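Input: a single structure, listed below in structure tokens.
What follows draws every value from the coordinates through simple rules; no lab data is involved. Small disclaimer: the values here were computed from a predicted structure and weren't measured. Here the Cβ is made from the backbone with ideal geometry for all residues, glycine too, and neighbour counts use every protein chain on show.
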Amino acid sequence: MSNNYEILKSSHPCFGGHVNNAGRIHLPVSPGCNIACRFCDRVINDTENRPGVTSKVITPEESLSVVEKALKICPDIKVVGIAGPGDTLATDNALKTFRLVKKEFPKLIKCMSTNGLLLAEKADEVIEVGIDSLTVTVNAVDPSIEAQLNKYAVYHGKRYEAEEAAEILIKNQIEGIKKVAKAGMTVKVNSVLVPKINGSHIEKIAQTVREAGATIYNIIPLIPQFELSDQRAPLCFEIDEARKKAEKHIDVFRHCQHCRADAVGVPGKSEFGDQVYERKLTIKETFSHG
Ligand code: CLF
Ligand code: SF4
């Protein structure tokens, strides 16, 4: 089935719509995570601008008034995205929120981001809810590389470590991408580029996810922190090289802005999160869209 990539290209800031100044609002409704990326600081705070960092988690019901308020402040918003601060499929909050948003704001594009651990088993529900664009963060397709990037996964109530966790994660990501792409959903894959760990593996990831049905690929430079604080961020030429290799297989998105999980506005151009969320809280929690 063909997907809606051509429509997203003009209206979704992360699928090409940045050229039209399309905006997005992130709803931080997903609190917990089921994996443990070694670069994930699991923080909720007011001061940092990093992917997935947020000030507080809101409920699916609260989301509606938040979207209404955001649209008044920033009419350029075309996309409602959920990208954390934890994983969107680890709890039911994200899908519940999208159901409510779909009813109240049928014209807004529904964009979800997940680590993919539960994507294969939740694919039918994701399809039924009518997500318009799905991002899966795939940092490796080889378990020995993934194990250096992710410490463990909690899957069906059991904790799996390192390579065993990586095998489950990768299998479910690829199977999940295949299922939703086959149903006509446009899938973007994000990879966090850690030069010394997956730097020479990017082309393989791009090729594998393209074969599974992904349409577009985004390379996010590592922000060295937490267990990967001793790793360095990629240099410009390394990002460029990785993009060129990926581009042999799949369209590449080059305008990622490392958004917070409660970002509001046109990425890289305007930010209204302070006004919309009245950021007040500083508490420890989880984060996502890494
Ligand atoms: Fe948000 Fe992500 Fe949807 Fe975009 S962000 S959930 S796909 S609407 Fe976009 Fe921000 Fe980069 Fe993400 S610029 S961090 S890729
Ligand atoms: Fe979970 Fe996202 Fe943090 Fe990874 S980066 S541990 S997927 S919240």
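What fraction of the Cα pairs in region 3-276, stated in percent, has a spacing above 35 angstrom? Provide the component values of the computation, followed by the final result.
Working: 3085 of 37401 pairs.
That fraction is 8 percent.
Relative contact order for the chain: what is it in percent, counting Cα pairs under 8 Å that are at least 6 residues apart?
29 percent
Are there cysteines in the chain with no second cysteine's Cβ under 4.7 Å away, and if so, which?
For the chain, the answer is C14, C33, C74, C111, C236, C256, C259, because their Cβ atoms have no other cysteine Cβ under 4.7 Å.
Among the GluC sites (Glu not before Pro) in region 181-290, which ones are in a DSSP loop with at most 11 other Cβ atoms within 10 Å of the Cβ? Mind listing them?
Taking region 181-290 and a limit of 11 other Cβ atoms within 10 Å, the loop GluC sites (Glu not before Pro) found are E278.
Rounded to the nearest 5, what % of the DSSP beta bridges within region 3-276 are antiparallel ones? Walk me through the numbers on the way to the answer.
Numbers: 8 of 36 bridges.
Within region 3-276, antiparallel bridges account for around 20 percent of the total.
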